[in-house]
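In what follows, a structure is listed as structure tokens, so that the remarks can point back to it.
The values are calculated or read from the model by the stated rules, or taken from the named source; none is laboratory data. Note that this is a predicted model, so its numbers are computed, not measured. Cβ placement follows ideal geometry from the backbone for every residue including glycine, while neighbour counts extend to all protein chains displayed. Note: accessible area is taken over every heavy atom of the protein model, side chains too, but ligands, DNA and RNA are not part of it. Shrake-Rupley method; radii C 1.70, N 1.55, O 1.52, S 1.80 Å.
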Amino acid sequence: MSLVSRRRALLAASRRGAPLRGGSVDAGLLRECCIAGARLVDPRGLRLRGVHVRGRLDLAGVDVGFPLVFDGCRFDEPLDLTGGSVRALAVTRSPRLPGLLANGLRVGGDLDLSGSRIAGAHTASGSNTARAAVWLSEARIGGRLLCLDTTIDAGSHGAVYGNRVHIEGNVRLVHGFTATGELRLRGARIAGSLDLSGAHLDHDGTALDLGEATIGGGLFLVPHAGTGRAPRTRGRIALGNAGIAGRLEIRDATLERAGQTALVAPRLSVGGPLTLEGACRVGGLDLSHGSFTTVTVGGGCVLAAPGRTALDLTGTEVRSDVTVEPGTEIDGTVRVSQAHIHGNLTLRGVTLRSPRPDGALISGSGVVVDGGVRLYGLRATGGFLAFRGAMIGSAFEAGGAVLDNPGRRTLGLRQAVVKSSVRLTDGFRSNGVVVLNRCVVEGRLNLQGGSFECPGPSAENPAGHAIQAVGATVRAGVYLRWDRVGPSVDFRGLTTTVLDDDPDRWPERFVVSGMTYDRFGNLSWDRAARLRWLRGQAEYDAGPYEQLARVFRRHGYAGDAEAILIERRHRERRAARRHRLAPRAVLDALYGWVVGYGYRPGRTVWLLLALLVAVAASLYVPDVSGTLRATDARGNTYAVDGRLATADQPDAGPPAPDARPSARTPRPDPCGDGQVRCFNPLLYAVDTVVPLISIGQRSTWYPSPYAPHGRLAEWWLNLATLAGWLLSTVFVLSFTRFTRSA
């Protein structure tokens, strides 16, 4: 068909609003029709179907007052509508479209590229280096942007560059949409939703860039409802500073970027829920410093970022819950540091892995959770869960969780504040060290049924403790009825109200220096068991014994309290034995045996009674009592059985048995007719042994060194006096100490 005939056919079809079918048409002729305006074209628009457009269709700056429809048409060169306008533009099912240059284009209705194959990369006005297949920067589309089954191949260049594009309807890149190259929609304003159902995006760098974009609806990366084709991206999805008024839903999607985070969305705001569902496989999510209603990662999802951050919620505000559902596998770190979660943080039945043994699987330093932290059934291998300085408004629960990081931290709540209880119960297992140093727990610390084991010392845990709770405060009691624990725990400075434990289930060694508590659980008031418990201290410390005695005394077990304090001195003496001189050690042992280190002052009474009986019994022996002498005021000397000599007659000893009385021999009289105090063995013994009492016997009668056995009796009675003084002094001092401590 000649050029003239073709022109006539085109004008005739355009006037009728009928499509021009088949053949070819010169691009200049189409431009002429578009410039001629609506007077030559039916309101239904210029419509071509299966036509080959020869040459470059240049409509740059042209205001086309009617729709342009190219269905199944082939183009030799890119379609250029830069700075122009058109009622509607449809380039559908095109087998060959080298490109679309439409920066600044104004489209009154839809821009439809469905089913077309766009291949090429071109520069555009205002850009001398960037190349893309489709340019839509600063364009305005009054309807929708439709790309159903569209294929865009720009190689390593941009597939679509649409910075600051305004779209009043939805953007649908769905069904079999495939883009090789970057989709760049930075600063875009989309009044509707962005639907990427079943889309495949491929680029070595950024596959989809929505930085600073605003989406009035939702963003969907889900399988196509008709074909079931799952979405897939190879390259980064960038959503930094973007705002999504609706929901962000990712389902059964594969988001990959070799060795780097697949979805990077710092400061992203999502008005609806953010969900990952189904069999998603994502190479890392950066949602730091964003704002969300809820964040949910469904079971079956895999977040694979080995050695990197798998889910980053650092500094994020979540107005409700963050939930990772059972069956989710996370290879990498979950970061919630400095985040504010107004609901619960739940990772129930989740598997966490990391190839770095010193890395954090959950990094939650300074996180604020208004609800609770729920880690039921969580499995963590090769790293630790860190909640240093966290503020948790409800309970921290990890029942049935299994944390495996041998020799290193498994769980850290250092300096955290938990408004309710911490529960590591019901099969909770830690192979490493649980660190609770200086945390504050307003409820209970419940370890019932948990297993806490550490294989041995390491650089991070040189003491090899399985639990560290140094300086922790637990308001409502510590419940330590664990299943297994070892080889040691460190509870130095822990403060609580109730210590509910089984004293025989503590590890072989432990540190409880400075630990304070008000009472024990119902089954823990066994003094012998408690003393066995304190013997397990890694190093002797008197403080735990004094704390134990204080608690027993406060609850009415005064005798047990004294026995505990005596045991403390025994342990102290044994611990210090190698550092003390032998005499001091002997004196200390004697002090313990005599009065129980001052806690058994009653023992001195029995010793005094025993000494009193011994002295009284000895005074009934004639060889002892026969040595006693008394002297009256006139100088007369008396024995216990009478006067021996007058003042001018020296003591010559007792008279011979066969001696006959003479005028100078004194008459036997024990008391000298009242000149001296009569001798009484019992009263003499009391006066000798009890120094605080003076009844005149010891001052009147004295052993004579010149009498037979006199020297021995003198030594015996003097030693008895010294022993009485010593025992009486110890008794008084012990009783004074006892009353002061009471």
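From the residues in segment 78-109 that are polar (S, T, N, Q) and not in a strand (DSSP E or B), which one is least open to solvent (accessible area, probe 1.4 Å)?
Checked segment 78-109; the qualifying residue least open to solvent (accessible area, probe 1.4 Å) is Ser94.
Could you tell me whether segment 587-595 includes any residue that is surrounded by 17 or more Cβ atoms within 10 Å (Cβ to Cβ), among the charged types (D, E, K, R) and either more than 30 Å from Gln697 (Cα to Cα) or modelled with pLDDT under 60 (or both)?
yes
Out of everything in segment 396-415 that is within 16 Å of Leu345 (Cβ to Cβ) and under 10 Å from the mean Cα position of the chain (by Cα), what residue ends up being surrounded by the fewest Cβ atoms within 10 Å (Cβ to Cβ)?
Per the stated criteria, the residue is Gly412.
Does segment 200-216 hold any residues that are over 19 Å from Asn241 (Cβ atoms) and surrounded by fewer than 24 Cβ atoms within 10 Å (Cβ to Cβ), and which are they?
Within segment 200-216, His200, Asp202, Asp204 qualify.
Is one or more of the residues making up segment 330-338 touching a strand residue (DSSP E or B) at 6+ places or on another chain (Cβ under 7 Å), over 22 Å from Arg409 (Cβ atoms) and among the charged types (D, E, K, R)?
So far as segment 330-338 goes, no, none of its residues is touching a strand residue (DSSP E or B) at 6+ places or on another chain (Cβ under 7 Å), over 22 Å from Arg409 (Cβ atoms) and among the charged types (D, E, K, R).
Can you name the residue in segment 620-640 that is in contact with a helix residue (DSSP H, G or I) (Cβ under 7 Å, 6 or more places away or on another chain) and modelled with pLDDT under 85 and, of all such residues, is least open to solvent (accessible area, probe 1.4 Å)?
Per the stated criteria, the residue is Ala630.
In this structure, does Ala339 turn out to be buried (at least 19 other Cβ atoms within 10 Å of the Cβ) and more than 30 Å from Ala258 (Cα to Cα)?
Criteria not met by Ala339.
Restricting attention to segment 367-385, which residues are open to solvent by 10 Å² or more (accessible area, probe 1.4 Å), closer than 21 Å to Arg308 by Cβ and at pLDDT 95 or above?
Within segment 367-385, Arg379 is the sole residue that qualifies.
Looking at (1) open to solvent by 10 Å² or more (accessible area, probe 1.4 Å); (2) of a type in the set (Ser, Thr, Tyr); (3) closer than 26 Å to Val51 by Cα, can you tell me which one Ser116 breaks?
Just one mismatch for Ser116, condition (1).
Identify the residue in segment 548-563 that is surrounded by fewer than 19 Cβ atoms within 10 Å (Cβ to Cβ) and part of a helix (DSSP H, G or I) and, among all such residues, is farthest from the chain's Cα centre (by Cα).
Gly559
Mind listing just one residue for me: the one in segment 695-713 that is on the phi < 0 side of the Ramachandran plot and free of Cβ contacts under 8 Å to residues at least 24 places away in the same chain and, of those, surrounded by the most Cβ atoms within 10 Å (Cβ to Cβ)?
Ranking the qualifying residues of segment 695-713, first place goes to Gln697.
Please indicate, with yes or no, whether at least one residue in segment 416-433 is open to solvent by 10 Å² or more (accessible area, probe 1.4 Å), hydroxyl-bearing (Ser, Thr, Tyr), assigned to a loop (DSSP other than H, G, I, E, B) and more than 23 Å from Arg348 (Cα to Cα).
No, the conditions are met nowhere in segment 416-433.
It is to be established whether one or more residues within segment 731-741 are in a loop (DSSP other than H, G, I, E, B) and modelled with pLDDT under 65.
Taking every residue of segment 731-741 in turn, none turns out to be in a loop (DSSP other than H, G, I, E, B) and modelled with pLDDT under 65.
Which numbered condition in (1) exposed (fewer than 15 other Cβ atoms within 10 Å of the Cβ); (2) farther than 30 Å from Ile566 by Cβ; (3) modelled with pLDDT of 80 or more is the only one that Pro668 fails?
Here Pro668 clears every test but (3).
Out of the residues in segment 181-200 that are in a strand (DSSP E or B) and touching a residue at least 40 places away in the same chain (Cβ under 8 Å), state the one that is farthest from Ile141 (Cα to Cα).
Only one residue fits best here, namely Gly181.
Which residue, of Thr261, Thr275, Thr293, is open to solvent by 30 Å² or more (accessible area, probe 1.4 Å), in contact with a Leu (Cβ under 8 Å, 6 or more places away or on another chain) and more than 23 Å from Gly205 (Cα to Cα)?
Thr293
Consider only pairs whose beta carbons are under 8 Å apart and that are at least six residues apart or on different chains; among these, list those whose first residue lies in segment 604-628 and is of a type in the set (Val, Ile, Thr) and whose second residue is open to solvent by 40 Å² or more (accessible area, probe 1.4 Å) and assigned to a loop (DSSP other than H, G, I, E, B).
Taking only residues 6 or more apart or on different chains, the pairs are Val624/His709; Thr627/Pro708; Thr627/His709.
Here's a check for you: in segment 48-62, which residue that is touching a helix residue (DSSP H, G or I) at 6+ places or on another chain (Cβ under 9 Å) and part of a strand (DSSP E or B) is surrounded by the fewest Cβ atoms within 10 Å (Cβ to Cβ)?
In this case the residue turns out to be Arg54.
So Val69 clears everything in (1) under 18 Å from Val107 (Cα atoms); (2) out of contact with any Pro (no Cβ under 9 Å at 6 or more places or on another chain); (3) assigned to a strand (DSSP E or B); (4) not aromatic (Phe, Trp, Tyr) except one condition, right? Which one?
(2)
Across segment 162-180, what is the total count of residues that are open to solvent by 20 Å² or more (accessible area, probe 1.4 Å) and not in a loop (DSSP other than H, G, I, E, B)?
Adding up the residues that qualify gives 4.
Yes/no matrix, rows are residues, columns are (1) assigned to a strand (DSSP E or B); (2) of a type in the set (A, V, I, L, M, F, W, C); (3) under 15 Å from the mean Cα position of the chain (by Cα):
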{"site": "Gly307", "(1), (2), (3)": "yes, no, no"}
{"site": "Thr314", "(1), (2), (3)": "no, no, no"}
{"site": "Pro326", "(1), (2), (3)": "no, no, no"}
{"site": "Ile330", "(1), (2), (3)": "yes, yes, no"}
{"site": "Gln338", "(1), (2), (3)": "no, no, yes"}
{"site": "Gly377", "(1), (2), (3)": "no, no, no"}
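Yes/no per residue for (1) modelled with pLDDT under 95; (2) closer than 29 Å to Ile566 by Cβ; (3) over 19 Å from the mean Cα position of the chain (by Cα):
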residue	(1), (2), (3)
Pro462	yes, no, yes
Phe491	no, yes, no
Ser524	yes, yes, yes
Arg527	yes, yes, yes
